[in-house]
Amino acid sequence: MVEFASVIRGVGGYLPERILTNEDLSKMVDTTDDWITARTGIRKRHIAADGQTTSDLGAEAARRAMKAAGVGPDDIDLIVVATATPDYTFPATATVVQNKLGITRGAAFDLQAVCSGFVYAIATADNFLARGQFERALVIGAETFSRILDWSDRSTCVLFGDGAGAVVLERQTKAEAGERGVKGIHLRSDGRYRDLLYVDGGPSTTQTVGHLRMVGNQVFKHAVGKISDSVRAATADAGLQISDIDWFVPHQANQRILSAVAERLGLEEHKVVSTVAEHGNTSAASVPLALAAAIEDGRVKQGDLVLIEAIGGGLTWGSALIRM
Ligand code: ACO
């Protein structure tokens with residue numbers, strides 16, 4: 001039997017034009033630039049324009065990833081969109097993106113694991129490709145969290161922003177891929193922690209969209225421990241050591257979480273890719289956005305070992321090791 005590897009061919013990110021600074025927020029709720037910067041590291045976030053939807057952001061990020069990969073619509077046969085802020089209850093945002101990109105073959109579906117969505121989506125696509133079922137996947141994280149925030153709640157509205165990131169993941173034989181590809185994966189969830197981070201609405205409960213609610217300090221504590229354990233498990237799954245990791249590309253929720261996890265794992269600070277100051281927490285979009293930024297500025301190169309990780313509502317969490 002031929003053994004396959006899932007190789008990242010191209011990465012792209014897209015942030016909407018409109019910027020909301022900490023200063024802007026201080027005029028909307030009782031907060032300050034100093035408080036937000038000190039507690040989170042966030043300086044600004046991008047907000048989707050009126051009428052600009054999650055699929056618009058996702059499609060633009062996908063176009064950029066496809067351009068970087070040098071592939072066209074006919075080359076893609078799987079689309080997985082990780083999002084907690086879909087355009088509609090149905091159809092899946094992935095099918096809307098598929099149509100916007102002019103892709104008429106293969107399959108497209110959404111995946112819901114909130115901020116962990118991109119890690120879950122990489123794991124899902126990797127399994128499809130490894131089985132030989134599809135050839136080339138668009139894995140997209142796209143969110144418009146501005147639409148589910150309670151803009152009068154200072155404890156949550158300062159943390160999040162809108163954006164999208166995407167990768168083209170390609171099936172290659174192990175001989176073609178060499179050392180490249182998805183190496184190790186670890187996924188977890190525990191529904192007992194639902195009340196720590198959730199949206200208080202939905203089609204089957206309130207018939208409304210609802211607003212994000214969070215017990216921030218509790219999420220913080222779970223984040224550091226659970227992510228560190230997950231990274232160790234993914235590294236062991238890959239038969240690698242933490243010291244083998246070239247770049248740590250974490251979910252961009254809060255600079256303090258990023259630094260605490262890096263410290264706990266013994267990862268040097270200069271290996272941590274942090275973009276949280278520029279766009280806040282963009283949920284499922286944050287990992288591919290950070291990866292796109294680190295490729296664009298020349299830090300992450302082909303052959304580098306990249307660790308991605310995230311934790312989000314559910315709770316869900318996970319990590320993956322990818323040789324670029
Ligand atoms: N401006 C000023 N003061 C504020 C603000 C604000 N924006 N928000 C809260 N406060 C106040 C609180 O009211 C509280 O005041 P009190 O002491 O008078 O009651 C005080 O600040 C401290 O509140 P805490 O919640 O204990 O503050 P903490 O140091 O924990 O920081 C924060 C809050 C930044 C939310 C932190 O807990 C955090 O980052 N948690 C992780 C959240 C997160 O990253 N979630 C996303 C991960 S999962 C996902 O991505 C969906």
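The values are calculated or read from the model by the stated rules, or taken from the named source; none is laboratory data. Since the structure is predicted, the reported quantities are computational estimates derived from the model, not experimental observations. When we count neighbours, we look across all protein chains shown, and the Cβ atoms used for this are built from the backbone with ideal geometry, even at glycine. For the accessible areas, the whole protein counts, side chains as well, though only heavy atoms, and no ligand, DNA or RNA atoms are used. Shrake-Rupley method; radii C 1.70, N 1.55, O 1.52, S 1.80 Å.
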**Item:** Every pair of residues 6+ apart whose Cβ atoms lie under 6 Å, when the first sits in segment 28-43 and is outside the structural domain of G216 (by TED's automatic domain parsing) and small (G, A, S) while the second is in a helix (DSSP H, G or I) and near the ligand (Cβ under 7 Å from one of its atoms)
**Value:** none
**Asked** Within segment 243-269, which residues are surrounded by 15 or more Cβ atoms within 10 Å (Cβ to Cβ) and more than 20 Å from V158 (Cα to Cα)?
**Response** I245, D246, W247, F248, V249, A260, V261, A262, R264, L265, L267
**Prompt:** When you look at L111, is it within 15 Å of G141 (Cβ to Cβ) and free of Cβ contacts under 8 Å to residues at least 40 places away in the same chain, yes or no?
**Reply:** yes
**Message:** Any residue at all in segment 178-187 that's farther than 16 Å from A310 by Cβ, without any contact (Cβ under 8 Å) to a residue 40 or more places away in the chain and in contact with a Lys or Arg (Cβ under 9 Å, 6 or more places away or on another chain)?
**Reply:** yes
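Rundown of residues vs (1) in contact with a Leu (Cβ under 7 Å, 6 or more places away or on another chain); (2) part of a strand (DSSP E or B); (3) among the β-branched types (V, I, T), yes/no style:
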position: V182; (1), (2), (3): no, yes, yes
position: H186; (1), (2), (3): no, yes, no
position: G202; (1), (2), (3): no, no, no
position: G210; (1), (2), (3): no, no, no
**Prompt:** Restricting attention to segment 127-147, which residues are within 21 Å of A84 (Cβ to Cβ) and either open to solvent by 70 Å² or more (accessible area, probe 1.4 Å) or over 21 Å from the mean Cα position of the chain (by Cα) (or both)?
**Reply:** R147
**Message:** Quick check on D304: is it among the charged types (D, E, K, R) and free of Cβ contacts under 8 Å to residues at least 12 places away in the same chain?
**Reply:** no
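For (1) in a loop (DSSP other than H, G, I, E, B); (2) at pLDDT 95 or above; (3) touching a strand residue (DSSP E or B) at 6+ places or on another chain (Cβ under 7 Å), each residue gets a yes or a no:
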site: V249; (1), (2), (3): no, yes, yes
site: S274; (1), (2), (3): yes, yes, no
site: A277; (1), (2), (3): no, yes, no
site: A284; (1), (2), (3): no, yes, yes
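Yes/no matrix, rows are residues, columns are (1) among the polar types (S, T, N, Q); (2) open to solvent by 10 Å² or more (accessible area, probe 1.4 Å); (3) modelled with pLDDT under 95:
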{"residue": "L149", "(1), (2), (3)": "no, no, no"}
{"residue": "T156", "(1), (2), (3)": "yes, no, no"}
{"residue": "L169", "(1), (2), (3)": "no, no, no"}
{"residue": "L196", "(1), (2), (3)": "no, yes, no"}
**Complete:** Among strands (runs of 3 or more DSSP E) entirely within segment 3-114, at least 3 residues that are more than 16 Å from the ligand (Cβ to nearest atom) and buried (at least 21 other Cβ atoms within 10 Å of the Cβ) occur in 4-14, 78-82
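Got a sec? Which of K183, K221, K226 is modelled with pLDDT under 95 and either within 10 Å of the ligand (Cβ to nearest atom) or under 19 Å from the mean Cα position of the chain (by Cα) (or both)?
Details: K183 fails: modelled with pLDDT under 95; K226 fails: modelled with pLDDT under 95.
Being modelled with pLDDT under 95 and either within 10 Å of the ligand (Cβ to nearest atom) or under 19 Å from the mean Cα position of the chain (by Cα) (or both) holds for just one of K183, K221, K226, which is K221.
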